[in-house]
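Undergrad: Take a look at this one; I'll ask things after.
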Amino acid sequence: MSSQSLESKYTEEQYSEVDQYQPATRTGKIANYVDQRVGGTGMVREFGRKVFPDHWTFMFGEVALYSFVITVISGAFLTFWFDPSMASTRYDGAYVPLQGVEMSTAYATSLELSFDVRGGLFMRQLHHWAALMFIMAMAIHMLRVFFTGAFRKPRELNWVVGCTLLLAGLGAGFTGYSLPDEVLSGNGLRIIDGMLKAIPVVGTYISFFLFGGEFPGDEVIPRLYSLHIFIIPAVILILIAVHLFMVVTHKHTQYPGPGRTERNVVGYPIGPVYAAKAGGFFFVVFGVLALLAGTFQINALWNYGPYDPSPVQAGTQPDWYIGWFDGLLRLMPGYIGDIPLEFVLPTPWGGNSVATPVLVTFIPITALLLGLFVWPWIEAWITGDKREHHILDRPRNVPGRTAFGMAMMIWYFVMWAAASSDLIATHFSLSFNDVLIWLRVLFFAGPILTFIITKRICLALQRKDREIVLHGNEAGVIEMLPHGEFREKHTRVSDYELYTLVSYESPEVTAARPNSRGKVGLLEKSRVRLNRTFFEDRVAPVSREEYIEALSHDDHGTAAELPAGSVGAIESKKN
């Protein structure tokens, strides 16, 4: 709008009236004072009108955010008493069994927080439970995004931000888990030390730099403490801000349903609906975590004692999100038959030992993490789909992606279970070697079998959906026709359920695309093979003609009486 039109619409006196406005209440005056100086009204109006869809699966992201806030608040409380020093001291606190025992200051102050500080044990356990909830909610949120296809264009970069957030959460969890300097955390650091030293040539130097000398050194706890309370939380906060900004910019994804298209969002505005719901939900999450912290003991570090690197100890288990690293080390054999997998690499300074059983474990770790980051581009390459997507998929309607995701989950769970292989053997009276052998078999066969079984299940569910659309749900009523035939009566699904069952795409296998020289390269052949694996077995959604024909065979109406919503649902997937 030009300045001339503004001048013709508002007079100088009217502008002065706006500037001189003063609310009647004290709260209104404060709000008006702040608003005139920061311009908050415009921001609140713009952000508060943002529409978000309403579905229970979207809550996992909120649970992760609220758990992180609670983790930060409880962690701030702990910092007032915890001393991240590895200096030696003798414990003289309230826990009698450890009185007089020599230990690090870090472990002694952890015991002080547990027994001498009022509310200290509750805050320790709240911090630990909130951290576990934070990582678990992030993982489930990422799984929801993966299985529903919310990572597709234009949200690929936001998916990368989410993956980075997950890794930062793992780093925050591991650094915090290692701070008390008791047996459990010390064994975890010993594993990290071994993995670092297995790196040829530079591994020893990296270990010495981290630990401040030969393990356990005297610098690792203070360095992990700085990472845990300063650097990693700052990274997480920045990533959360970027993630939320991109969610608002791209608009929220939504599940298929009546009136929902790729160009709109059906839901409620942030203000006041979601603002009120989010505030209440925060206290629900806080209440659940407080209940866990007050009633379920976690990380009873006084039972472990101070860390002593000289004896070899078993039975210690890392937290679940780190356990798969330890599990991989347990799965890897040191020998194949009588052939040792460790060898010496000749060097000018006399040779360098290469710990192959440790180095090989980096391969699945790298494959899983790198694959997580680049999956949006891998799927787009396999499918050839470059379009924007704002409507989510039902996992059963994308059997290839769902089967692959489940295969990777089983792969992770096998590695995770291997971290408890000794406890599995002792608790179930099994041979430890037999447990390892079966886990090694599942490491390779588990993902393959899972892919096949999951894909079959998805296709079976799709066929069941077709049957429900064409024939309806069983009503539990047997009726007899005039000519004596008995049949079960069916009820047609609602328009909303009909949208859900038929509004999806079922791509067909795409042919190989020759390059500019008219040849099909090796990379394109690989793409076609993967495309065939994803889409060769398919169940097409019900077409409008099939639905009308199905209606003509029962007493639920004719084509002319077909509800408008049903027509829209079935025709929308054709368009």
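The values are calculated or read from the model by the stated rules, or taken from the named source; none is laboratory data. From a predicted model like this one, the values you see are computed outputs, not experimental measurements. Cβ: placed from backbone, ideal geometry, glycine included. Neighbour counts: every protein chain shown. Areas reflect the complete protein model, heavy atoms only, side chains present, ligands, DNA and RNA absent. Shrake-Rupley method; radii C 1.70, N 1.55, O 1.52, S 1.80 Å.
Undergrad: What number of residues within segment 394-412 are assigned to a helix (DSSP H, G or I), open to solvent by 20 Å² or more (accessible area, probe 1.4 Å) and either among the β-branched types (Val, Ile, Thr) or within 16 Å of Pro507 (Cβ to Cβ) (or both)?
TA: Counting residues in segment 394-412 that are assigned to a helix (DSSP H, G or I), open to solvent by 20 Å² or more (accessible area, probe 1.4 Å) and either among the β-branched types (Val, Ile, Thr) or within 16 Å of Pro507 (Cβ to Cβ) (or both) gives 4.
Undergrad: Of the residues in segment 226-254, how many are within 22 Å of Phe147 (Cα to Cα) and either open to solvent by less than 40 Å² (accessible area, probe 1.4 Å) or among the hydrophobic types (A, V, I, L, M, F, W, C) (or both)?
TA: Qualifying residue count, segment 226-254: 8.
Undergrad: Restricting the search to segment 499-509, which residues are at pLDDT 85 or above and either more than 22 Å from His389 (Cβ to Cβ) or touching a Gly at 6+ places or on another chain (Cβ under 9 Å) (or both)?
TA: The answer is Pro507, and nothing else.
Undergrad: Now for a separate question. Filtering segment 353-378 down to residues that are in contact (Cβ under 8 Å) with a residue 60 or more places away in the chain, open to solvent by 20 Å² or more (accessible area, probe 1.4 Å) and under 23 Å from Asn158 (Cβ atoms), which residue is nearest to the chain's Cα centre (by Cα)?
TA: Result: Leu372.
Undergrad: I'd like the residue in segment 190-224 that is of a type in the set (Phe, Trp, Tyr) and either open to solvent by less than 40 Å² (accessible area, probe 1.4 Å) or part of a loop (DSSP other than H, G, I, E, B) (or both) and, out of all such residues, is nearest to Pro84 (Cα to Cα).
TA: For segment 190-224, the residue satisfying everything is Phe211.
Undergrad: Another question, then. Just checking, how many residues over segment 413-443 are more than 27 Å from the chain's Cα centre (by Cα) and not in a helix (DSSP H, G or I)?
TA: Of the residues in that region, 4 qualify.
Undergrad: Checking Thr71 against (1) in contact with a helix residue (DSSP H, G or I) (Cβ under 8 Å, 6 or more places away or on another chain); (2) under 30 Å from Arg263 (Cβ atoms): exactly one of these is not met. Which one?
TA: (2)
Undergrad: In addition: Could you check segment 510-545 and list, in sequence order, the residues that are within 30 Å of the chain's Cα centre (by Cα) and open to solvent by 30 Å² or more (accessible area, probe 1.4 Å)?
TA: Correct list: Ser526, Arg529, Leu530, Arg532, Thr533, Glu536, Asp537, Arg538.
Undergrad: Do the conditions hold for Ile391, that is, is it in contact with a strand residue (DSSP E or B) (Cβ under 7 Å, 6 or more places away or on another chain) and either open to solvent by 30 Å² or more (accessible area, probe 1.4 Å) or not charged (D, E, K, R) (or both)?
TA: Yes.
Undergrad: Within segment 463-483, is even one residue assigned to a helix (DSSP H, G or I) and polar (S, T, N, Q)?
TA: Among the residues of segment 463-483, not one is assigned to a helix (DSSP H, G or I) and polar (S, T, N, Q), which makes the answer no.
Undergrad: Restricted to segment 450-504, and to residues that are of a type in the set (Asp, Glu) and more than 22 Å from Arg396 (Cα to Cα), which residue is least open to solvent (accessible area, probe 1.4 Å)?
TA: Glu479
Undergrad: Those residues that are open to solvent by 30 Å² or more (accessible area, probe 1.4 Å), aromatic (Phe, Trp, Tyr) and more than 30 Å from Asn264 (Cβ to Cβ), I need them from segment 54-81; list them, please.
TA: Within segment 54-81, Phe77, Phe80, Trp81 meet the criteria.
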